[in-house]
1. Would you mind checking the radius of gyration and Dmax of the stretch A:114-171 based on alpha-carbon positions, in Å?
2. Longer than 32 Å from Cα to Cα, which of A:LYS204/A:LYS292; A:LYS141/B:LYS254; A:LYS203/B:LYS485; A:LYS456/B:LYS511; B:LYS29/B:LYS547 are they? Say none if no pair is.
3. Could you state how much accessible area is buried at the A-B interface, both sides summed, with a 1.4 Å probe, in Å² to the nearest 100?
4. When a/c reaches 1.5 or more, the comparison of a/b and b/c decides; with that in mind, is the stretch A:381-470 rounded, prolate or oblate per its Cα gyration tensor?
5. Which distance in nm do the two modelled labels at A:LEU550 and A:HIS225 give, with both placed 7 Å along the Cα-to-Cβ direction?
6. Quote the FRET efficiency, to the nearest 0.05, computed for B:TYR515 versus B:GLU301 with a Förster distance R0 of 41 Å and r equal to the Cβ-Cβ distance.
7. Rounded to whole Å and sorted largest first, what semi-axes of the equivalent ellipsoid does the C-alpha gyration tensor of the stretch A:134-226 yield via the square root of 5 times each eigenvalue?
8. For the stretch A:516-575, what log10 I(q)/I(0) values come out of the Debye formula at q = 0.17, 0.22, 0.24, 0.26 1/Å, with one point per alpha carbon and no solvent?
Amino acid sequence: MWIGFSLLMPDCFSLSFLKDLHWCGVCMSVAPPHPHTNTDSFQEELVVRPLHSGDIYASFQFRTVWEADFSRGNKVSHYQLFPKSLGQVISKFSVRELHISFTQGYWRTMQWGQPFLPSPPGAELWVWFQDSVTDVDGTWKELTNVLSGIFCASLNFIDSTNTVQPSAAFKPLGVGNVTDHRFLRYATLPREIVCTENLTPWKKLLPCGSKAGLAVLLKSEKLFHSSFHSQAVHIRPICQDQRCKSTSLELRQTLNAVFDLHTSGQAKREWSLFKMFSRTLTEACPLASSSKIYIDITDNSQGEQFELSPASSLLSQAVVLGDRRTFSVYDLTDQATFGSTRSLNLLIRDMLRPLLHAERYVAGYGLQTGEIHTVMYNHHPYRSFPVLLLDSVPWYLRLYIHTLTVTSKGKENKPSYIHYQPSKDRLRPHLLEMLVQLPPNSATEVTVEFERALLKWTEYTPDPNHGFYVGSSVISSLVPSTVATNTSITQEQPLFSSFFPCKEELSYFVRVYTEPLLVNLPTPDFSMPYNVICLTCTVVAVGYGSLYNLLTRSFQIEEPSPGLAKRIANVIRRMRGVPPL
Amino acid sequence: MMVGMERNQYDAECFLLYYLFSSERRRGKLAALSIAAMVILVGVPLWWKTTQTYRAWLPVAQINELAKLQLQLSADVEVVFARGTATPEQQKKVPVTQTQDEDHAVDEADLSLHRLSESPCGSLVIYVIPESSSLLPENVNVYIGQRRTALLRIGAQMKVGKTLKQLLAHLEPRVKQILQVMSFSHNDITAALSDRVRFSPDNKESIADSMRAFKSSPGYEITFSLLNPDPKSHRLHWDIEGAVQTYIQPLLTKLSPVANFSLDSQILYYAMLGVNPRYDSSRSAYILNADSLAHVINPVEARLGSNAASSNPVLNFLLYVPDAHHSPLYIHDHKKREVQTNAFHSPRWGGIMVYNVNGFYQTGTNFPVDVNINMAKVMGVFLAQLRLLLGVQSTAPPSSFQVAPCGSSGLADWELDRLMWSRSVENVATATTTITSLAQLLDQIGNIVINDNIAQQVSSAVTSLQLAVAELEVGNLGFALQYSKEAILASEKAFFDPSLLHLLYFPDDQKFAIYIPLFLPMCVPILLSLLKIVSEVRQRRREKQAKKD
């Protein structure tokens, strides 16, 4: 320790600031607390719809609206109802819109009709970034890693080989005019398996958690014992009011499940909330401004098919997916709803056939080439409508784009718009977008041939003989509607009918996902490298050994050894003293 | 005769054969030797070269030097004598005396003191004032100001007339004492190094003290969470934005040379404590015992969520409003006494405060009750906890010392200096350990690839470390802290570089499994023929020896 002295000699000085000498750890002035207006709002909703296959479709939606403006680079760090983890992600990565879904099972459109919010099997993530982001790819990579941590999913496997930038199929769903698809990234992981560990973090994002409100019903052992399970998070900017001067951020958490009550219901066609979720509702989430249950009773207007208990006098009509449906509404914020019994029993009848439907499969034999078939059905009796088909195929299926054919009713159907981005090996996938007109009451088939590529042996998955997944095709369309859709934003609508923005009265927006494909690639024997090393080494060693022998061995003429008789004779001769032969 | 001739002919044949035979053998030997030479001279270097891993040069010697690092800290102390404390003769004798102008106006003195106290961080100015000065109360000898200044009352026995030597000898221990309060003491440095160096524990309390503060890090995330386990009964309003601006931000602005801070707040509903409080019927209140506090945090922690956007350590401050059925709730310390602030902190984690809202219940009120939280009360507690957790030490000064109340920022300049001293030392120690252990690891495991960027990070960390140590020695605290931060960043970056993991787990037995099928059949004949040649040479030499004898 070194202490330097230097002496100074100032004049006498007055020290007026030494008046009150006391030590205080914390010094503060008391500011009067003023009440803070709560700017967040939260709504929750459950729709139960009996399906015509006898299954029950339950769709949860939770909507948190946060009146915070991120678009101008504001740093917002005080959270109330909006989850902090997502808010931080959005502000750090300058995300404009984020849509993520995890789905287990495949939605059977022909049996179940259209879902309220479609999603492909596995995981799907699509993000619109703010136009202030310069390195979109880097931000995307970081974002997927962070989201993978938040949702406990393997989103970190999203890289350039399965990311595409669709030019037309995925438009922003919120306000904002940025449609430059440089700021859009879309990726699917069809292999992703969804389970409890994804549900728990999803539930944590809700303000009431799973402690109160509709989320009490979300018990994982029942939810995953279902034919279809899909959970999603949608974040987008929306208008605060009609004039749309300022925007707020909307977080929609949706969870859809289809319960097969035939098999689990002991052949009785009745169900209750308790049977489906093994829980009953006791209260609404106290933070929710609205908390409602809708039961689809369109086919049961007179009560001839099933009976609801307790009955609700509240009826509501909504136009969903081009169909006017009637719902029986239970308002959970109203104490009268919680009567003596909380179980609802009902029976089911037919429902509307979906107008748009699609399927996909791989044809061909052998391990060299194949053909992808995508079939899109238009069930409308007299109207044709255009659909936008998006296909993202991994690079190891090398598409022969010249073999692309689109046929409807046996005739060639020329797409009016094609956007094709060829793949680069190990860098990016194929991207194919087409605008196809579907004739009325027809099936349109899109086929394209492909060749299977050989992978490097480290590129195979741990179970290569299972096959490789190719993500679902996405078909987006404005389907003509028989019923006028309500286009005004102001009128309060149930959450399930208000997700996709609707600008026309006589059509509604539908997105259909096909099945993911499972393609077998030629799979090598993975012990091969070692076998090859051993075999070549042995061959080299044998060749080398004989060469070495040839080079180093000394050759000598062998003396012929005398025969046995001669040797005996010599022995005898030696004994006699006679020289040997 | 005939027989003899035959004999001769036979001998000649044998000789020819022998000659042929021996030349053949020599050729074989030569071939074996040349193949062995080829393998050794060409094959082995080729194999060595092609299977070698790339290892960039590391400054190993300098790293080893760092491992036995001796830290030397020095602080500049300026001692200013006020008029009447030193005689003119003494002044003359002081070799480094700078005499200021004699005629200062009274108000100018204040200004000049202020100007003087704008000293660079790490240094101190001590003003020695005469015994008779009325600036300090009777029993106070030392006054520590808000900035880097202290007033020292010259002792009564130091009357005019003593020699300068005596004066300095008298002042030195007291200056040292001031220095220990205002910049660093042995204990601080020990505490800063406690994670790196094992000291013989003095007492349990000092260990607990040293474990309380967060470890040095380039940034911290501060999260305030309002826990409302009962939203049905309480509708809580807290003006966290205003409170943060008023109370926390000034402190963080002051601390900005030490680290970057980011602030967040959130409200968590239905977040319960992990312990059921005990009902005390005598006081009609619920009690949390000190023993059970350890179990409070875990269930809450799951709800808090980590910051996904950064990897800095998080300081959590929780404000818990107990639900209506468990209210009021009081925390009791080990002696079963009520804790005044109703708050506690957890070392290196954060603080929890229980906020009872019973005052808002009135007879006949229907739930939910609107509650406005008094942020001044809450932030007072959190600010004190924040100071503790950041390691702003508040060691009790000796009784004759008086400390000025801190200003609006809640942190005096010299307290910041204290923190910076211990942070610099801690950073240097941490970076040194990281770099030396990395060097050790790389030394032990031979097949790790060391890329150029890692070598560069290591070199820059070593350079920054040396600079930091040099600056500490000179007393440039600001630069020392800056360099030590750079050192820590570079060393961590090198240590956690993903490229260091690539070959770490490629086991040796698999390598040999690949090599053996090739090398065994090739090497065995070479070795055997070499052995044969050696044994033959030996035998011939022995035969020659025998012939000579």
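1. 12.7, 38
2. Too far apart for the 32 Å limit: A:LYS141/B:LYS254; A:LYS203/B:LYS485.
3. Heavy-atom accessible area buried at this interface is about 7800 Å².
4. Prolate shape, in that a/c is at least 1.5 and a/b is the bigger ratio.
5. About 7.6 nm, to one decimal.
6. 0.20
7. Working through the eigenvalues yields semi-axes of 30, 17, 13 Å.
8. Debye curve over Cα of the stretch A:516-575, log10 I(q)/I(0) at q = 0.17, 0.22, 0.24, 0.26 Å⁻¹: -0.81, -0.95, -0.99, -1.04.
The values are calculated or read from the model by the stated rules, or taken from the named source; none is laboratory data. Please read these numbers as outputs of a predicted model, since none were measured by experiment. Heads up, the Cβs are rebuilt from the backbone with ideal geometry, glycines too, and the neighbour counts pull from every protein chain shown. Accessible surface areas use protein heavy atoms only, side chains included; no ligands, DNA or RNA. Shrake-Rupley method; radii C 1.70, N 1.55, O 1.52, S 1.80 Å.
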